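The values are calculated or read from the model by the stated rules, or taken from the named source; none is laboratory data. A quick note: this is a predicted structure, and the numbers were derived from the prediction, not measured. Heads up, the Cβs are rebuilt from the backbone with ideal geometry, glycines too, and the neighbour counts pull from every protein chain shown. The area values use the complete protein model at the heavy-atom level, side chains included, leaving out ligands, DNA and RNA. Shrake-Rupley method; radii C 1.70, N 1.55, O 1.52, S 1.80 Å.
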Amino acid sequence: MRTRFLFALLGLMLCFSTPVSAVPVMTPRGPVEVFSRADLFDVAELVRLTGAEVGFSAAAGSYTALLGEREVQFTPGGTLAVVDGRLVPLPGPIRVVEDRPVATMATINALLAPLGWSLRGTAAAPQLVPLAAAPGLEISLTRSPTGTLVVARGSSLRPRMDPSPGELRLTYGAPLRLAAPPTGEGEVLGAEVRDTTLLLRLAPGVEAVSTYPLDNPPRYVVRLAATAPTADLVTHRVGPLVVLDPGHGGEDHGARGPGGELEKDIVLSVARMTAARLQATGIEARLTREGDENLSLQDRTALANRLRADAFVSIHANASTARGARGAETYFMSADASDAVAARAAATENLDASPDTVQLILWDLAHVANLNASSRLARAIQGRLNHLQGIRDRGVRQAPFVVLTGATMPAALVEIGFLSNREEAARLASRPAQDSIAAALTEAILSFLRAPEPSPEPEP
Amino acid sequence: MSEYRPLLIAAAIVAVLVLVVVLARPRPESPDEDDDSADVAPTPAPANLVLFFPGDDGLLHRESREVHGLPTALPARARLVMEELISGSAKGFAPVFPWPITVEETFADDQGNVFVDFSSPPVATVGGTSTELMLVFATVNSIVANCPGSERVQVLFAGREVKTLGHLDLSTPLRPRPDLVAR
C-alpha cells in the first residue's frame, strides 16, 4: 500500500517534469526529449545531440556548431547557413518559437548533413542517425530512341530539380548516400551525392525534359533528351517564342465540373488550339505538356526558362465553393512573393560561388522589371477575354502562384471560366467555346509581343 | 502513529520535489491550454470578431460575429477565430473550406508569424485557384484582423509545412490581402 502510494506520487512528479511540446527523438544512445511544434524542431538541441559543440553569439545573433573539422553557422530568422565558410541556402527559414530556434526536418537536415548526421522518420517519431545510415539511392539508366530514362529508387521523398548546363541536381529533403554506381547505359557520365543532393553529370547536348514520381516502390524518374533542337531554337530562331502551360495533367485532374468535365482536358485542348493559331501567325509556340501527363510546377517554368521564351502563359479552369461564381480572371506574380522567391533563387544560383550581394540585387531588379511586363501581358489577356460573349470580367489580380515564381520572362496565369458553375462548365467543354477562347488568347499574346515596351518616365 | 512517520516524511519530500519541479518548469508550451491565466483570461464582455467569407464575385466579404470568452493570448485567440470561420457564414456566404476540416494546433513565433495547423485535406490538390485563394486569405485576413500582434499567417496541414495545395506558394507566412476584400 505504502509502495503503491510512493509510486503514484513519483509518477505524478514525472508527468509534471515532462515538457508538454517535447517529442522523443530516437538517438543511438536512446530517446531524448526535444522541443517541437507541429513539424518544427529545436535546431540547437538537435545539433547538440550530434556531439557538436554549439555556441551562441548574442552580438551576431547566430549559432555556431563545431564537430571535428566541420563548422556550421545558422541564424534564427534566416534562410541561409554558412558551412565551412560557404554560404548555403536552406530549404526553409529558421524561426523562433517560444524563444527557441526551430525549423522543419528538411531545413534541419541541411544543417546536420555537413556534421555527418541525419534526422529521419516522422514528426511524431523522429530518429537522429549517423549519415552512414541514410537511405541509399540506386540509380538505373535505360537508353531509348528518344533519350535516357533515369530512375532513382531508395527514397520516398520527392526531390526538387535544378537543371544547369551539363548537370542535373535533385535535392531531397534529407541526407542521402549512393548505394552503388549507376547501373545500365545512358547519357549520364557520373553520379554523386553531396549531403541532400544527387548530382548527375550529363553527356554534352543532353538535358532533362520531364520528371515524375512513381509509387510501390517509391521512385523518381527523369527523362533526358538531346538539347540540339532547343539550342537551335534559342540561337537560330528569328521570331518570338511563347510557352503555353496547360495546367494539371495525369493523375492531377484539377477542377471537375458537375457533368464530369475535367480541367486538365479542357485546358490542354485550349492550349493546343492557341499554339496552332500562334504558329499560323509565325510565332513559335511550345506546350509544357503535349498529352495527359503529370509535370511538376517547377518543370513547367524550367522549360520556358531553358527555351528563353518571350512569354509564359499558364492556362487553367477555375472552381469555387461559391456556387454563383463565374467569369474569367488573369493573374500575375505578386511583388512580395517575387522578392522572397527571387532572393532564394539567387542564393541557390550562387550555391557554389562566394556570397555576392550585388548578384542578389541584380536578380531582384530583373525580376521586378518582369513584373511590369507580366502585368501588361495579364491585362492584354483579360482585355481580350472580356470581349467574348458570355464571359464575366473578374479582372486582373496578383497572387504568389508557384508556377509563376520561377519564370524569368513575362508570365501570367489565366482562369478561363468556372467548372463549378454548371453553365460555364458545359460551355468550356464545347469546342466552339474553346476555339473562341484560344482566339482571344492568341490576339492578346500577339498584342503583347508587338506592343513596344513603355518608356520609363522622365525624371523630374 | 509512529509507524506512519517514514511514509509521511517520504510523502513530504516527494511533495516538495513536485513543487520544485512544477515551479522550475520552462514556460508552458501549449498556450492554448496552459498559458498563464493572466495571458489567456477571456475577455469578460462579449467581443466582436470580423470574419471573411468568399462571395460569388471572387472577393472576401466581412461578417461581424459576437463571441463570448475571447482569449487574449494570440495562439488561443487565433484558434477561436479559425473555429468560428470553419463553422461557416451566418449571412449565406460560401464556406471557406471545401472539405470537413479541424484546427489541430495554433502557435506563433516572435516575428508576428502565426501558424495554423489544419487536419489533412482529403485530396492532393484543391480544384480551382479561386477555392485555394479564398481558403488561404480568408484564414490570413481573419486572423490578422482579430489577433493583435499577428502580421502574417502560414497554414500547415497534418503538422507539416506544404509547398502548395496545387497553385499558391504556401511555403512562407503570408500577409493579409485587403485588395481581396469587397468594398
- Query: Which of the residues that make up the stretch B:85-96 are in contact with a helix residue (DSSP H, G or I) (Cβ under 6 Å, 6 or more places away or on another chain) and at the interface with another protein chain (Cβ under 8 Å from one of its Cβ atoms)?
  - Reply: B:Val96
- Note on the structure: Given (1) in a strand (DSSP E or B); (2) out of contact with any helix residue (DSSP H, G or I) (no Cβ under 9 Å at 6 or more places or on another chain), A:Pro114 misses just (1)
- Go through the stretch A:16-43 and count every residue that is among the aliphatic types (A, V, I, L, M) and buried (at least 20 other Cβ atoms within 10 Å of the Cβ). 5
- Query: If a residue has to be out of contact with any strand residue (DSSP E or B) (no Cβ under 8 Å at 6 or more places or on another chain), within 25 Å of A:Ala425 (Cα to Cα) and part of a loop (DSSP other than H, G, I, E, B) to count, how many in the stretch A:262-290 make the cut?
  - Reply: 1
- Message: For the stretch B:147-161, give me the residue count where each residue is under 13 Å from B:Gly112 (Cα atoms) and buried (at least 19 other Cβ atoms within 10 Å of the Cβ).
- Response: 5
- Pick out the one residue from B:Ile143, B:Ile101 that is touching a helix residue (DSSP H, G or I) at 6+ places or on another chain (Cβ under 8 Å) and in contact (Cβ under 8 Å) with a residue 24 or more places away in the chain. B:Ile143
- Note on the structure: A careful count of residues in the stretch A:36-73 that are part of a strand (DSSP E or B) and within 14 Å of another protein chain (Cβ to nearest Cβ) gives 5
- Task: Scan the stretch A:176-196 and give yes if some residue there is touching a strand residue (DSSP E or B) at 6+ places or on another chain (Cβ under 9 Å) and among the hydroxyl-bearing types (Ser, Thr, Tyr), otherwise no.
- Result: yes
- Task: Among the numbered conditions (1) touching a residue at least 12 places away in the same chain (Cβ under 8 Å); (2) part of a loop (DSSP other than H, G, I, E, B); (3) farther than 24 Å from A:Val403 by Cα, tell me where A:Arg308 comes up short.
- Result: (3)
- Note on the structure: Among residues of the stretch A:120-133 being of a type in the set (A, V, I, L, M) and within 14 Å of chain B (Cβ to nearest Cβ), the residue most open to solvent (accessible area, probe 1.4 Å) is A:Ala124
- Item | Filtered residues of the stretch A:96-109 (kept if open to solvent by 20 Å² or more (accessible area, probe 1.4 Å) and closer than 20 Å to A:Val193 by Cα) | A:Met105, A:Ala106
- Item | Test for B:Glu63: is it within 13 Å of chain A (Cβ to nearest Cβ), more than 30 Å from A:Glu261 (Cβ to Cβ) and assigned to a strand (DSSP E or B) | no
- Query: Looking only at the stretch B:49-68, which residues are over 24 Å from A:Asn421 (Cα atoms) and open to solvent by 20 Å² or more (accessible area, probe 1.4 Å)?
  - Reply: B:Val50, B:Ser64, B:Arg65, B:Glu66, B:His68
- Which is in a helix (DSSP H, G or I) and of a type outside the set (A, V, I, L, M, F, W, C), of A:Thr107, A:Thr148? A:Thr107
- Message: Based on this model, can you work out whether A:Leu137 counts as touching an Asp or Glu at 6+ places or on another chain (Cβ under 7 Å) and away from chain B (no Cβ under 14 Å)?
- Response: no
- Task: Please determine, by comparing only the residues of the stretch A:67-81 that are modelled with pLDDT under 85 and hydrophobic (A, V, I, L, M, F, W, C), which one is surrounded by the most Cβ atoms within 10 Å (Cβ to Cβ).
- Result: A:Ala81
- Test for B:Thr131: is it within 10 Å of chain A (Cβ to nearest Cβ) and not in a loop (DSSP other than H, G, I, E, B): yes
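Yes/no per residue for (1) part of a loop (DSSP other than H, G, I, E, B); (2) open to solvent by less than 10 Å² (accessible area, probe 1.4 Å); (3) modelled with pLDDT under 95:
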residue	(1), (2), (3)
B:Leu70	yes, yes, yes
B:Glu84	no, no, no
B:Gly92	yes, no, yes
B:Thr125	yes, no, yes
B:Leu165	yes, yes, yes
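To keep it simple, each residue is scored yes or no on (1) under 23 Å from A:Pro130 (Cα atoms); (2) touching a residue at least 12 places away in the same chain (Cβ under 8 Å).
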{"residue": "A:Pro31", "(1), (2)": "yes, no"}
{"residue": "A:Arg37", "(1), (2)": "no, yes"}
{"residue": "A:Val43", "(1), (2)": "yes, yes"}
{"residue": "A:Leu46", "(1), (2)": "yes, yes"}
{"residue": "A:Ser62", "(1), (2)": "no, yes"}
{"residue": "A:Ala65", "(1), (2)": "yes, yes"}
{"residue": "A:Val72", "(1), (2)": "yes, yes"}
- Task: Return the pairs, sorted by first residue and then second, in which the second residue is hydroxyl-bearing (Ser, Thr, Tyr) and not in a strand (DSSP E or B), the first residue lies in the stretch A:387-404 and is within 11 Å of chain B (Cβ to nearest Cβ), the beta carbons are less than 7 Å apart, and the residues are 6+ apart or on different chains.
- Result: A:Gln398/A:Ser334; A:Ala399/A:Ser334; A:Pro400/A:Ser334; A:Val402/B:Thr164; A:Val403/A:Thr301
